Structures are given as C-alpha cells and as structure tokens.
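These notes are about the structure you will find just below.
Bear in mind that the values in this text are calculations on the coordinates, not laboratory data. Since the model is a prediction, treat every value here as computed from it, not as a measurement. Cβ placement follows ideal geometry from the backbone for every residue including glycine, while neighbour counts extend to all protein chains displayed.
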Amino acid sequence: MISNIKLTTECSKEKEPLIEDRKETNNVLMTEEEHANDAYLLVDTSTSIHHRGSKNRHKSQILIVLQSLAQNLVNAGYQINSLKKETPLTSKDFLHELFPVKIDQLTQKLNNYQIISDPKISESPKPINFHIITYDYGVRHQNFYLSRKNLDSGIGIMKKIVQQSIASERLGKSTTKNRRWKSLNLPQPTDLDLYQANTKSPSNLYAGTEMLGALEGLEYLLDQKVIQKNSSKSSTNVSVVIDGKPERRSWWDTRVNSVSDSIIGTPIPLPASLGGEEITTSGLLYDNDGNPLHLKNNSGQWQWKQMQNHLNAALDRLADQTSNPKKTNSSQDARLGQQA
C-alpha cells in the first residue's frame, strides 16, 4: 500500500511545458473500454534548464518520463519494437538505446520504434489513460488515451514529452503574445518580473515552480478515480519527476521580504480538468540551512500540509479498493539537481 509521498526536494529551477501558448482545454477521455489503467506523470518543466548543468538534468528528466511511459505500456500488455532490428525491447533496453542520443535528436530517434500488442500475451492489452501534469509558473494537464485500436499514438505521446518548449526562449521578456498569461489572469509585469541577473540567464518573468498546484491537481484526479469505484479492475501508477523547489516569486507569494510587503498571494488557477482551484501560495520554502518553512494560503490554511495528507489519503483509498495494492498501485519519485 502506498501511504506516503515525501516532497523535500531542492534545486535550481525553471523549464517550460509540453506545448507553450496553447489555450487550456478540459479534455474528456475517449475511453472505449471500462477499467482502463491510469498513469499519472507529474513533471517539473520550469526554467531550471537555463542553469549550470541543467542541460543534462533536462535530458535525464525526459528519459525518466519516457521510462515511466514505456514501463506502463509493457505492464498493460503492449510491446515496444525496434523497426531497424525488428526485435522487441524491454523498457530498460528502450532507454538504453535512447541514452546516448542528443536531446535535439530524440524526436527523430523515436521514429525507429513502434508500439504493438504483446503477441506472447493471450489477453488483449489494457487501455491506458495517461495524465501528464506539467508545471512552471502555472500548471497544465494533458490527457492521452491509448488502446490496441490507436497504437500509433503511443510514440506520439513520447514525442510530445521530448518536444518541450521554454517560455523564456519563445517569448523572451514579453507577455504580449502569451495567451496563457492572460488566461491565468496574471498581473501586468513589473520591473521585478523583468529583472535579469546576467545576459546568460532568463529574467524573472517566466520563473516559478507551482509544485503545490500540480500536486493539488494530482490529488483531484486520484479523488475522481476513487469516486468512480472501478480501481479494483485497473492499475494506478504515479510518477513524480522533480527538478526544483515549490517556489514562486516572493511578490506573488504569501511571504514578506525585501521586495514583498504583502502576505496576500496572487491566485493562479488550475485547469478545469484539475479542479480549477486558485492557488495563492507556494506553501513551502526552505531557509539557507535547508530547514522547511510552511506558508499559509490566502484563507489562512497550511495548504502544503493539507495537500500531503489528502494526497496520501487518496492513494490509501485506491489501495483499499483493490485486492492486490502492491501489484496494481505504484509510485515513483525522481529527483534532479541539488538537495538541501
């Protein structure tokens, strides 16, 4: 049984999501069979890719996510084939072939593979609902459905993971062409937002890691699965890939420092498909010695602590609904960068 998720990761920040500047939609899963497996991938896509050594972390992050996707496929009864070698691959073999490939060549490399039903298994492969939650200065949610009737979409999902774009690279130091900024109703940028420490690093404009919001969104999806009461016939896999602290710029947060004299946080809404809650705080900070400091939200609640309790409770309820929780429910946490 999964009973605890520890979120004490630290490091530098900031990378951007799967598809930038696209209007959020509340995707409805087109499930043609009941009791599909569910795979939840929560990925930090903030701008930490710009920091020293972050290029390797970015590639490592992508490979970890691809490994999780591949393992979910294999567990559900699918097989990854190499078109060149005409041989099946385990998820480990698949990652071994991708590891030496340069990050800007991964998309092309994926054209060398296909997803098929595993011929060694007599039963039809289970359909999978992939939920990919990405977060930077906001939170996004994308749904992908895979079954034996649309196997080509499996490689397509992997390509979307690889083809991440970065807001600061695409949009520079402006929000003029950023429809997402407007849809989140974020404040007009100030000099603090446009501040840039040096020419090699991005400004503060697209900084931020809304980890609290992403985890609240994950909890919402897990709660919805509990309500459906069909988890006993499907597996649940949760993968969390972390490359930063749960931090937002201080003048948007519920804290006071030299550039912020307000404890009222800026509300940043979650997508409707993740419940639509407005997140007003980072919820958790760390001092210079690495000690945690929890923050209240605009309603005076210790939201980070509540989120942990609620998320673990949702995982426990899912485990209670199945006869073999160790087999059908799993969780993994990958941490990149430096820890405090």
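Below are the figures for this structure:
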| item | result |
| --- | --- |
| Label-point separation, GLN224 to ASP191 (7 Å along Cα→Cβ), nm | 4.4 |
| Low-density loop cleavage sites - GluC sites (Glu not before Pro) in segment 85-179, where at most 10 other Cβ are within 10 Å (DSSP) | GLU86, GLU123 |
| In segment 102-149, the chymotrypsin sites (Phe, Trp or Tyr not before Pro) that fall in loop regions by DSSP, at most 13 other Cβ within 10 Å | none |
| DSSP-loop trypsin sites (Lys or Arg not before Pro) across segment 214-309, with at most 15 other Cβ within 10 angstrom | LYS229 |
| Hydrodynamic radius of segment 115-196 per Kirkwood, over alpha carbon pairs, in Å | 16.1 |
| Paramagnetic reach from ILE116 in segment 84-106 [backbone N under 14 Å; point 7 Å along Cα→Cβ] | 84-90 |
| VAL259 versus LYS84: modelled label distance in nm, points set 7 Å from Cα along the beta carbon direction | 4.7 |
| Unsatisfied cross-links (Cα-Cα over 27 Å) in the set LYS92/LYS245; LYS120/LYS149; LYS173/LYS245; LYS225/LYS305; LYS59/LYS84 | LYS92/LYS245 |
| Taking the C-alpha atoms of segment 171-224, convex hull volume expressed per residue in Å³ | 109 |
| Calculated over segment 61-184: convex hull of Cα atoms, volume per residue (Å³) | 118 |
| Dimensionless Rg/Rh of segment 201-261 - Kirkwood Rh, Rg from C-alpha atoms | 1.17 |
| Radius of gyration and maximum dimension Dmax of segment 230-302, Cα, Å | 15.8, 54 |
| Length gained when the stretch ASP287-SER174 is fully extended (0.36 nm per residue, less Cα-Cα span) | 37.6 nm |
| Compactness of segment 186-321 as Cα Rg over 2.2 N^0.38 Å, two decimals | 1.21 |
| Phi-based couplings in Hz for segment 186-199 (Karplus 6.51, -1.76, 1.60; Gly and Pro marked x) | 7, x, 4, x, 10, 4, 5, 5, 8, 4, 10, 5, 7, 6 |
